[in-house]
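I have placed the structure first, in the form of structure tokens, so that the comments after it can refer back to it.
Coordinate-derived values only; no laboratory data. Predicted model only: the values in this text are computed from it and were never measured. Here Cβ is always computed from backbone atoms with ideal geometry, including for glycine, and neighbour counts include all displayed protein chains.
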Ligand SMILES: Cc1ncc(C[n+]2csc(CCOP(=O)(O)OP(=O)(O)O)c2C)c(N)n1
Ligand SMILES: [Mg+2]
């Protein structure tokens, strides 16, 4: 059951807390992926604190809605969201990437409560989402499956294999969310391997496409609500985002894909994100 | 007891001196071998215009972005599309180009394996597969990025050549040698820094093992990043009165059968040590050789039937049984078996 349904201003506050946790985790671990975590924060916050039907006491509840972060390197945002949601103590966040931790460098469904799929090798989580949606239909369950993919990840051929399957089976219990932040590991997507026209590609593959500002909480919430009402066709939300969102010197900078801040940068980032509660 | 440097070969003198230091791995000069590959391929490009580099959105992580900066028309970044990159490399090789296709070892040996087998190895096309983050050398990234079976997989492909060098200079030499080799070569590199053991005069030759320490009580045959741990283990054992031979098996395939059999005859006991699962890698290759030619007691150090986890590189490989204390125990065990004839 949904025990919490935060309002838009509350969601915005929570997203700030999650952003601070992301910076803190990556600084403590001295490794990890801040850019793609920060670009996805507002959407994960809305999903877990408003949209998803979950039971934090029973993370394996078989009727729960599923979420898969197919761009698994951005798991700090997932871990911080799940901790703030109450799946485990926030103290665990300090153990990211350490030996014997619940929180692996890429998300592990057998180790982290609330993580619905093991991810890290790009272009696989989306297919797993297709599988979960097909299973829900066969099992006559009404849970919804949300999958977030990266715009760099879209370059993997397997993403398009999953897209074809989603259209073939008209998976309206599956919603893909594209974190379109314009960057991948090496640099800007446009330089490495252009993917435009993105919306047209998805439409051509038979998907219902909605484009939004991925940092506007009001728009996020109304679009996620709307996605649930569309029947007979799978939906993809193309979220235009800023990699590193919320930390000025990380925003739209290729170097902040997979790098930890130093002490000075950490202080500045935390200041920009507001003092912790 | 003091270290006897005359027992050691090929190693830098300062490395030999430090082998008994408890902080050997933090004190030695260390370099991630992925960067040595990137340097070597850049040098090669000057000499041979047919050499091109293919990337799959990890050029920043391997340093082949420097190649792209210097030779923008000779570097091809395929984005996050390893399968496309490998089959495209095969296509390029049909025209006489020598493509170095660079990605992480998990993706080279697993994601694009079908392309690597059917489009590269089967037609025996001259593609060099440059695989960084090999074995469990990416610690913190966790299991999805740890290529704990890359050597087993690559070794199982017919006609493959599989190289797993121990340090930075030998990695450069392997990269030069791969460029001259006719046919596909799998080169594997460490993600984390590993001690620089040799200088650039190291006698690297594809298919030829290198003797690093004399000894007749038992032999340790190691590869990749575990060579350094084998040396530390051998020195520990020397302090306890055991005289252990150490061999660097940088080429897993073609295997230097002659050197293995010589070690078997002269030392009567062998331990293999590798940062790779115990199925199908160095341990298996040596065991197959011994069983068919000269059966003697043997022990294998390697990742057991399990996936590892995230953690700092040295802590992870210690927890999963690949470091010198584990090797020391295996050597004592194999010597015990040799003595008791079991
Ligand atoms: C199959 C695969 N190839 C390569 C990588 C290495 N890698 C990790 S993140 C990344 C870039 C991802 O870009 P994008 O999907 O746009 O994510 P974001 O910008 O949101 O961080 C790459 C190449 C991987 N994890 N999986
Ligand atoms: Mg991106």
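Structural remarks
- Calculated log₁₀ intensity ratio I(q)/I(0) where the Debye formula runs over C-alpha points of region A:217-262, q = 0.14, 0.29 Å⁻¹: -0.54, -1.04
- Relative contact order computed over region B:207-340 (Cα-Cα under 8 Å; 6+ residues apart), in percent: 29 percent
- The protein assembly as shown - share of DSSP beta bridges that are antiparallel (%, nearest 5): 15 percent
- R0 of 56 Å, Cβ-Cβ distance residue B:20-residue B:114: FRET efficiency to nearest 0.05: 0.75
- Binned Cα-Cα distance frequencies in region B:31-195 - 10 Å width, integer %: 12, 46, 37, 5, 0
- More than 47 angstrom apart: percent of Cα pairs within the protein assembly as shown: 19 percent
- Spread over its residues, the convex hull of the C-alpha atoms of region B:1-72 is 131 Å³ per residue.
- Under conditions of 37 °C and 0.692 mPa s, chain A yields 178 µm² s⁻¹ as its translational diffusion coefficient, taking Rh as the Kirkwood radius over Cα pairs in the Stokes-Einstein equation.
- Whole-percent P(r), region A:158-245, all Cα pairs, 5 Å bins from 0: 3, 14, 23, 22, 19, 12, 5, 1.
- Cα Rg, Dmax (largest Cα-Cα span) when computed across region A:70-167, Å: 14.5, 42
- Legend: mean number of C-beta atoms from other chains within 10 angstrom of residue C-beta atoms, peptide B:81-87, equals 3.
- Shielding of A:182-195 by partner chains, average beta-carbon count, 10 Å: 4
- Choice from B:215, B:135, B:281 showing the highest fluctuation, given a GNM over chain B with Cα pairs closer than 10 Å: B:215
- Value at 222 nm in deg cm²/dmol, rounded to 500, when DSSP H runs of n ≥ 4 in chain A each add -39,500 (n - 2.57): -12000 deg cm²/dmol
- Hull volume per residue, based on the alpha-carbon atoms of region B:77-147 and their convex hull, is 75 Å³.
- Partner chain coverage, peptide B:131-141 - average Cβ within 10 angstrom: 2
- Nearest 10 degrees, 0 to 90: helix B:33-47 Cα axis against chain B principal axis: 50 degrees
- Gaussian network model of chain A, Cα within-10 Å springs - most flexible of A:197, A:254, A:113: A:197
- Each DSSP beta bridge with both residues in region B:207-340 is either parallel or antiparallel, and the antiparallel ones are about 20%.
- Helix-only [θ]222 nm of chain B, DSSP H runs n ≥ 4, -39500 (n - 2.57) each, per residue, nearest 500: -11000 deg cm²/dmol
- Burial order of peptide ranges B:216-223, A:122-129 (average beta-carbon count within 10 Å, highest first): B:216-223, A:122-129
- Equivalent ellipsoid of region A:1-156: semi-axes from √(5λ) of the C-alpha gyration tensor, largest first, are 23, 19, 15 Å.
- At 0.890 mPa s and 25 °C, Stokes D of region B:207-340 from Kirkwood alpha-carbon radius, µm² per second: 169 µm²/s
- GNM result for chain B, Cα springs below 10 Å: residue of B:99, B:297, B:184 fluctuating most strongly: B:297
- Across chain A, the relative contact order, built from alpha-carbon pairs under 8 Å that are at least six residues apart, equals 24 percent.
- Cα-Cα pairs of chain B separated by more than 33 Å (percent): 23 percent
- FRET efficiency, residue B:2 to residue B:339 (Cβ-Cβ, R0 30 Å, nearest 0.05): 0.65
- Peptide packing: for B:140-150, B:328-338, the average count of neighbouring Cβ atoms within 10 Å per residue gives the ranking B:140-150, B:328-338, highest mean first.
- Distance between the modelled labels on residue B:288 and residue B:47, one decimal in nanometres: 3.2 nm (7 Å Cα→Cβ projection).
- Share, in percent, of DSSP beta bridges within region B:31-195 that are antiparallel, nearest 5: 10 percent
- Using the Cβ-Cβ distance between residue B:257 and residue A:60 with R0 set to 51 Å, the FRET efficiency from 1/(1 + (r/R0)^6) comes to roughly 0.50.
- In degrees, nearest ten, helix B:226-239 long axis to first principal axis of chain B (Cα): 10 degrees
- With the simple model of a label 7 Å out from the Cα in the direction of the Cβ, residue A:196 to residue A:233 spans 2.4 nm.
- Calculated on alpha-carbon atoms, Rg and Dmax of region A:18-94 in Å: 12.2, 37
- Between helix B:282-293 and chain B there is an angle of about 60 degrees, using the helix long axis and the longest principal axis of the Cα atoms.
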